[in-house]
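Colleague: One structure coming up, written as structure tokens, with questions to follow.
The values are calculated or read from the model by the stated rules, or taken from the named source; none is laboratory data. The shown structure was predicted, so the numbers you read here are calculated from the model rather than taken from an experiment. No Cβ is skipped: glycine too gets one built from the backbone with ideal geometry, and neighbour counts run over all protein chains shown. For accessibility, only protein heavy atoms count, side chains too; no ligands or nucleic acids. Shrake-Rupley method; radii C 1.70, N 1.55, O 1.52, S 1.80 Å.
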Amino acid sequence: MKHLLAVVVLIVIVTLAVGFLLNPENLLPTLASEEGAFVDQLFSLYAFVIAFFFALIVVILLYSTIVFRRKKGDDKPGANVHGNSVLEIVWTVIPLGIVLFFAGLGAVYLKDTLKAEPDEMIVEVTASQWSWRFRYPEFGISSTELNLLNGRQVLFVFESTDVIHSFWVPEFRLKQDVVPGITTTLRLKPTLPGSYKVRCAELCGLNHAYMLAEVTVMEQAEFDAWVASEIDSGALGPPDRGAKLAGLNGCLACHSTDGTRSVGPSWRGLFGSEEILEDGSVVLVDEAYLLESILDPNLQVVEGYRPDLMPKVYGDTLSQEEIQDLIAYIRSLEN
Ligand code: CUA
């Protein structure tokens, strides 16, 4: 009886301690979406059950090992235990019940998470190595920033131009793979204004760790002002249009504009410079060379850079005018 009481007390203490350590409030970032609340509730419940079973097993194991260890001089063989059918049935039925309970609860929460609201805002997300692009069909604008309205549900429609990526904003909790060749979707309702980050949660190549995008959850007035300023930017000059295109098409994921060497050469000071190619010959970076390098990046690769990394799609995905805007932007970074 004394041992049973001691074990029960220890199990309670260890459950509370481990439960505290696993508590999502201590482990997860701020919660900023309605759907995320379900995730946190499930997580809390899991954490509690995990803490209890951890305590149950570890406390009994360590208590038996330490308290009932062999006494000095006791050389008799231990009791021969043949098993216990009642115990085995109990420890099979209880976990089965727990697993079924969590499956049912998960199904109920999943149904709530997928529920569509009538005024949802659609955001088309394009993922490419290694950048995010967001199109807002309702307003006819595209951006490299994800700006959302507080309290308005969003339907994300995902496409990938190359490999598998995964859209994840830890504060929203939910995660969705972005798979080339198929369209995937995700619904979310932001509930907390603030700045967050989209992270790519699927290893997708060299710059995977830097495949980030800014997320801002805004109130209506701020959002309207942002939409208006994006629409106004249609009247920009070629270098500024090029700067925007460079962001939207993911160029800046590999080319810096401050002189820092990355996957590709920096655009700062590139125009007008002379570069040494793989074969030792020298090329002048002028409009013709930039145009050729955008359309067919493998033709004349500068020494020290890996060929075959830059996509060869820009001749198809960009108009001639857009390519000229990009070149104008690179030119504007001359020094
Ligand atoms: Cu995209 Cu990792």
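Colleague: Can you pull out the GluC sites (Glu not before Pro) in the range 100-198 that DSSP calls coil and that have at most 13 other Cβ atoms within 10 Å?
Modeller: In loop regions of the range 100-198 (DSSP not H, G, I, E or B), the sparsely surrounded GluC sites (Glu not before Pro) are Glu138.
Colleague: Could you tell me what percent of the accessible area of the range 273-323 is made up of carbon and sulfur, with a 1.4 Å probe and every protein chain present?
Modeller: Working: 1640 of 3190 Å².
Roughly 51 percent of what the probe reaches on the range 273-323 is carbon or sulfur.
Colleague: So with the 1.4 Å probe, I'd like the accessible area per residue for the chain, rounded to whole Å².
Modeller: Spelled out: the 1.4 Å probe surface of the chain, per residue, equals 58 Å².
Colleague: Still on this model: Where does helix 2-22 land angle-wise versus the long Cα axis of the chain, in degrees 0 to 90, nearest 10?
Modeller: Result, in degrees: 10.
Colleague: A further question follows. For the chain, with only Lys/Arg (+1) and Asp/Glu (-1) charged at the beta-carbon, what is the dipole magnitude about the Cα centre, in debye rounded to 20?
Modeller: 2740 debye
Colleague: Suppose accessible area is computed on protein heavy atoms with a 1.4 Å probe; arrange Trp132, Trp91, Trp168 from highest to lowest.
Modeller: Numbers: Trp132 5, Trp91 155, Trp168 80 Å².
Ranking Trp132, Trp91, Trp168 by accessible area, largest first, yields Trp91, Trp168, Trp132.
Colleague: Return the carbon/sulfur percentage of the accessible area of the range 121-233, one whole number, probe 1.4 Å, all protein chains in place. Intermediate results must be reported in sequence, preceding the final value.
Modeller: Details: 2460 of 4820 Å².
Solvent-exposed carbon and sulfur of the range 121-233 make up 51 percent of the total.
Colleague: Please list, or write none, the lysines whose alpha carbon is within less than 30 Å of the alpha carbon of Lys76, excluding same-chain residues fewer than 8 places away.
Modeller: Leaving aside lysines fewer than 8 places away in the same chain, those within reach of Lys76 are Lys2.
Colleague: Between 0 and 90 degrees, rounded to the nearest ten: what's the tilt of helix 320-332 against the longest Cα principal axis of the chain?
Modeller: Rounded to the nearest ten degrees, it is 90.
Colleague: Where in the chain is the longest stretch that carries no trypsin sites (Lys or Arg not before Pro) classed as loop by DSSP and with at most 12 other Cβ atoms within 10 Å?
Modeller: With trypsin sites (Lys or Arg not before Pro) excluded where exposed in loops, the chain gives 116-260 as its longest stretch.
Colleague: Heavy atoms only, 1.4 Å probe, whole protein assembly: order Thr144, Thr183 by accessible area, highest first.
Modeller: Correct descending sequence by accessible area is Thr183, Thr144.
Colleague: If I take every Cα pair under 8 Å that is 6 or more residues apart in the range 211-303, average their sequence separation and divide by the length, what percent do I get for the relative contact order?
Modeller: It comes to 14 percent, rounded to a whole number.
Colleague: Write down the percent of antiparallel bridges among all DSSP beta bridges whose residues are both part of the chain, to the nearest 5.
Modeller: 75 percent
Colleague: Now a separate question. Excluding same-chain residues fewer than 8 positions from Lys312, which lysines have a Cα within less than 28 Å of its Cα?
Modeller: Result set, ordered by chain and number: Lys244.
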